[in-house]
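Asker: For reference, the structure I am asking about is given below.
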Amino acid sequence: MKRAVSTIEGSRQNLYIGGRWVEPHSGVYVKSFDPTTGMPWYEFGNADAQDVSDAVDAARAAFENPQWRRITQTDRGKLVRRLAELVLENADVLAEIETRDNGKLLKEMRAQMRALPDSYTYFSGMADKLLGETVPVNKLDMLNFTMREPIGVVGMITPWNSPLMMLTGTLAPCLAIGNTVVIKPSEHTSASTLALAELIEEAGFPAGVVNVVTGGGKTTGDALVRHPGLSKIVFTGSTTTGRTIAANAAQNLIPCQMELGGKSPHVVFGDVDIDRTVNGVVAGVFAAAGQTCVAGSRCFVEASIYDRFVEALVERTGRIMVGHPMNDASDIGPLAIPEQIGKLKHYVASGVSQGARIAAGGKQPSREDLADGWYYEPTVMTEATNDMTFMRDELFGPVVGIVPFSSEEKMISLANDTRYGLASGIWTKDIDRAMRFANKVNAGTVWINTYRSAAFMSSMGGFKESGYGRRGGFDVMREFSRVKNVVLDYSGAMQDPFVIRLR
Ligand code: ADP
């Protein structure tokens with residue numbers, strides 16, 4: 001791969017359409033900012049409706065192109081596996097690009113990028129496992145069967161928090177099954193997706209199978225969503241934007257897969273090992289500076305251990321090292337976009353005015369070396385209630401509200417009292433209680449005595465306003481293929497259509 005932080009720095013990055021790197025029609029480029037300094041570090045092309053249309057046309061042509069359409073399943077799987085190898089070879093470079101663009105810790109991005117190849121390899125195996133069914137029907141000399149086939153051109157709109165990881169869980173199966181793709185990465189973090197496009201080219205995918213258009217959401221993203229040439233939209237981002245996209249996609253009657261916001265409940269019972277559980281709660285909400293859709297931001301603690309738990313949590317939170325993401329000693333880096341700082345300040349202040357108390361954090365760090373970056377201290381809010389504004393809305397930052405409970409039943413109803421339904425967690429040694437929670441909680445993922453433990457072999461997805469559809473696992477095969485029913489009459493005779501036989 002030619003790209004690296006050093007070659008991207010100060011450069012203009014073009015669009016990737018139909019296997020070529022092209023300038024945007026408008027000639028307009030947009031700045032991308034480094035979250036540790038607030039300064040621009042490269043520019044990306046601002047794709048307009050014409051560029052988007054070119055990309056969708058290229059993807060449609062590639063979908064029909066025998067080079068892709070009639071490639072054997074085995075060879076299609078091999079291409080995805082070749083991509084896995086290239087991602088592995090370039091994992092550390094991709095990690096540096098990602099960190100520079102979104103401010104997540106380099107050590108975390110390295111681990112994430114080095115894990116992606118296994119995910120590509122896993123999904124590459126889907127290429128030759130698209131089985132159909134033979135359907136027994138009440139007719140003699142008839143063969144009735146189903147075939148699974150790719151759906152066509154898939155538009156993928158990705159967020160800024162973990163751009164390549166979020167993309168992999170859908171891009172890998174989508175390609176393995178034989179679809180073609182137009183990706184619109186977040187305008188805050190376009191660099192890593194463009195770098196991946198270079199690897200896709202190197203892997204030998206036919207031109208147009210994957211296209212990348214960069215630009216703003218309401219411009220480039222909107223043009224993509226409204227394009228009549230798309231067969232499906234995969235979106236990961238906020239619930240508000242997801243709602244707009246689903247409504248626009250409905251005009252073309254195409255399906256969507258939506259992974260949206262969350263306000264996940266994290267429950268702690270009195271029988272737990274407090275230190276281990278504190279680590280779990282900290283990892284659940286402060287990892288990646290809280291910029292994960294599954295963040296366990298509403299923490300319900302059994303009243304019998306509330307004081308001890310809060311004390312341990314506050315002590316552990318105080319030891320979290322906020323610092324430059326390239327520094328291996330840092331536990332939390334900056335937030336990816338500056339608007340987040342104002343948003344967190346607003347919500348924390350509203351929590352205080354509604355009666356919550358800041359037990360840790362609650363401000364930007366005062367250290368001089370962090371003064372220019374978009375940093376925010378990990379924040380514990382005690383004396384919170386589930387109806388406070390900061391406990392209702394998704395903050396997408398390192399803020400947790402702690403609520404005591406004494407009745408299991410009341411706790412479950414509070415845990416479910418949210419617009420969202422993405423993830424949930426419970427800590428207890430009582431397995432019956434854990435399973436009661438797993439059965440009753442209205443969330444797409446339940447973690448028991450762990451949190452944020454995701455695997456590409458199992459699927460994830462939200463309920464309620466957290467979206468619909470699943471990413472990851474073998475279930476995802478259904479998301480990117482469609483069923484066709486074929487009926488073959490081998491009787492050699494067509495019966496008289498006007499003779500109706502009653503049974
Ligand atoms: P954020 O505001 O945190 O970036 P969004 O959910 O708005 O979160 O954005 C996620 C992705 O959706 C980004 O790639 C963004 O450019 C894109 N996007 C935003 N608004 C629209 C829209 N109206 N149509 C299509 N894509 C959009």
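Asker: Explain nothing, just compute: Karplus ³J(HN,Hα) = 6.51 cos²θ - 1.76 cosθ + 1.60, θ = phi - 60°, for every residue of segment 137-145 in order, whole Hz, x for Gly and Pro.
Answerer: My calculation for segment 137-145 gives 10, 7, 9, 7, 6, 10, 10, 10, 9 Hz in order.
Asker: Going from most exposed to least, what order do ARG419, ARG501 have by accessible area with a 1.4 Å probe?
Answerer: The ranking, largest first, comes out as ARG501, ARG419.
Asker: What's the longest piece of the chain with no exposed chymotrypsin sites (Phe, Trp or Tyr not before Pro), counting a site as exposed if DSSP puts it in a loop and it has at most 11 other beta carbons within 10 Å?
Answerer: It runs 1-489.
Asker: Let me ask something else. Given the C-alpha centroids of segment 454-495 and segment 1-76, what is the distance between them in whole angstrom?
Answerer: First find each Cα centre; the distance between them is then 29 Å.
Asker: Using a cut-off of under 15 Å, list every residue of segment 92-136 whose amide N is near the label point 7 Å from the Cα of MET457 along the Cα-to-beta-carbon line.
Answerer: Taking a point 7 Å out along Cα→Cβ of MET457, the residues of segment 92-136 whose backbone N falls under 15 Å are 118-126.
Asker: So between ARG392 and ALA61, what do we pick up on full extension, going 0.36 nm a residue minus the alpha carbon distance? Numbers along the way, then the final one.
Answerer: Details: separation 331, 0.36 × 331 = 119.16 nm, distance 4.53 nm.
Stretched fully, the ARG392-ALA61 segment lengthens by 114.6 nm.
Asker: Taking a label point 7 Å from the Cα of ASN252 along the Cα→Cβ vector, which residues of segment 149-191 have an amide N closer than 16 Å to it?
Answerer: Hits in segment 149-191 for ASN252 at 16 Å: 151-158, 179-185.
Asker: How far, in degrees from 0 to 90, does helix 49-64 lean away from the longest principal axis of the Cα atoms of the chain, to the nearest 10?
Answerer: 50 degrees
Asker: Right, something else. Non-local amide H neighbours of GLY208 (under 5 Å, H modeled in plane, Pro and chain starts lacking H): which ones?
Answerer: Those lying under 5 Å, H to H, from GLY208 are GLY18, GLY19.
Asker: In nm, to one decimal, how far is the ARG319 label point from the THR146 one, both placed 7 Å along Cα→Cβ?
Answerer: In this crude spin-label approximation the distance works out to 5.3 nm.
Asker: For ASP57, ASP275, what's the largest-to-smallest order of accessible area, 1.4 Å probe?
Answerer: Greatest to least solvent exposure: ASP275, ASP57.
Asker: Then there is this: Among LEU335, ALA303, VAL314, whose Cα lies farthest out toward the positive end of the dipole of segment 236-364, if unit charges sit on the beta carbon of Lys, Arg (+1) and Asp, Glu (-1)?
Answerer: The residue sitting farthest along the positive end of the dipole is LEU335.
Asker: Given 0.36 nm per residue, what is the gain on full extension from ASP118 to MET494 after removing their alpha carbon distance, in nm? It would help to have the intermediate numbers written out before the result.
Answerer: Numbers: separation 376, 0.36 × 376 = 135.36 nm, distance 5.19 nm.
Taking ASP118 through MET494 to full extension adds about 130.2 nm, to one decimal.
Asker: Using 0.36 nm per residue of separation minus the Cα-Cα distance, give me the extension gain between THR74 and ARG503 in nm, one decimal.
Answerer: So the chain would gain 149.8 nm between THR74 and ARG503.
Asker: Roughly how many Å² is the accessible area per residue of the chain, as a whole number, for a 1.4 Å probe? List each step's numbers first, then the result.
Answerer: Details: 21060 Å² over 503 residues.
Counting only protein heavy atoms, the per-residue value for the chain is 42 Å².
Asker: First measure r as the distance between the Cβ atoms of THR219 and ASP92, then evaluate 1/(1 + (r/R0)^6) with R0 = 41 Å and state the FRET efficiency to the nearest 0.05.
Answerer: Calculated value: 0.80.
Asker: While we're looking at this one, here's another question. Which ³J(HN,Hα) values in Hz, rounded to whole numbers, follow from the phi angles of segment 226-234 under the Karplus curve 6.51 cos²θ - 1.76 cosθ + 1.60, where θ = phi - 60° and Gly and Pro get x?
Answerer: Rounded to whole hertz, the list is 7, 5, x, x, 7, 9, 6, 10, 10.
Asker: Report, for segment 265-448, the % of DSSP beta bridges that are antiparallel, rounded to 5.
Answerer: Rounded to the nearest five, the antiparallel share is 15 percent.
Asker: Just to check I understand the Karplus step: with θ = phi - 60° and J = 6.51 cos²θ - 1.76 cosθ + 1.60, what whole-Hz values come out for segment 113-129, glycine and proline as x?
Answerer: Along segment 113-129, the couplings run 5, 6, 8, 4, x, 4, 5, 4, 5, 4, 6, 4, x, 6, 3, 10, 10 Hz.
Asker: So which lysines can LYS343 reach, going by Cα to Cα under 21 Å and dropping same-chain residues fewer than 8 places off?
Answerer: Result set, ordered by chain and number: LYS104, LYS218, LYS263, LYS363.
Asker: Where Rh denotes the Kirkwood radius from the mean inverse Cα pair distance, what is Rg over Rh for the chain?
Answerer: 1.02
Asker: What is the distance, in nm, between label points placed 7 Å from the Cα along the Cα-to-Cβ direction at THR7 and at VAL28?
Answerer: 2.9 nm
Asker: How big is the antiparallel share of DSSP beta bridges in the chain, given as a percent to the nearest 5?
Answerer: Counting DSSP beta bridges with both partners in the chain, the antiparallel share is about 40 percent.
Asker: Please find the FRET efficiency linking ASP372 to LYS484, where r is the Cβ-Cβ separation and R0 is fixed at 51 Å, and quote it to the nearest 0.05.
Answerer: Details: r = 57 Å, r/R0 = 1.11.
Plugging the Cβ-Cβ distance into 1/(1 + (r/R0)^6) gives 0.35.
Asker: Quick one: with all protein chains in place, what share of the accessible area of the chain is carbon or sulfur, to the nearest percent (1.4 Å probe)?
Answerer: Answer for the chain: carbon and sulfur cover 53 percent of the accessible area.
Asker: For ASP430 paired with SER407, estimate the spin-label separation in nm (one decimal), with each label point 7 Å from Cα along the Cα-to-Cβ line.
Answerer: In this crude spin-label approximation the distance works out to 1.5 nm.
Asker: Ranked from the most accessible area to the least, with a 1.4 Å probe and all protein chains present, what is the order of ARG357, ARG110, ARG3, ARG308?
Answerer: The ordering from most to least exposed comes out as ARG308, ARG357, ARG110, ARG3.
The values are calculated or read from the model by the stated rules, or taken from the named source; none is laboratory data. Remember, predicted model here, so these are calculated numbers, not experimental data. FYI the Cβ positions are ideal-geometry reconstructions off the backbone, even for glycines, and counts take in every protein chain you see. Remember, those area values only see protein heavy atoms, side chains included, never the ligands or the DNA or RNA. Shrake-Rupley method; radii C 1.70, N 1.55, O 1.52, S 1.80 Å.
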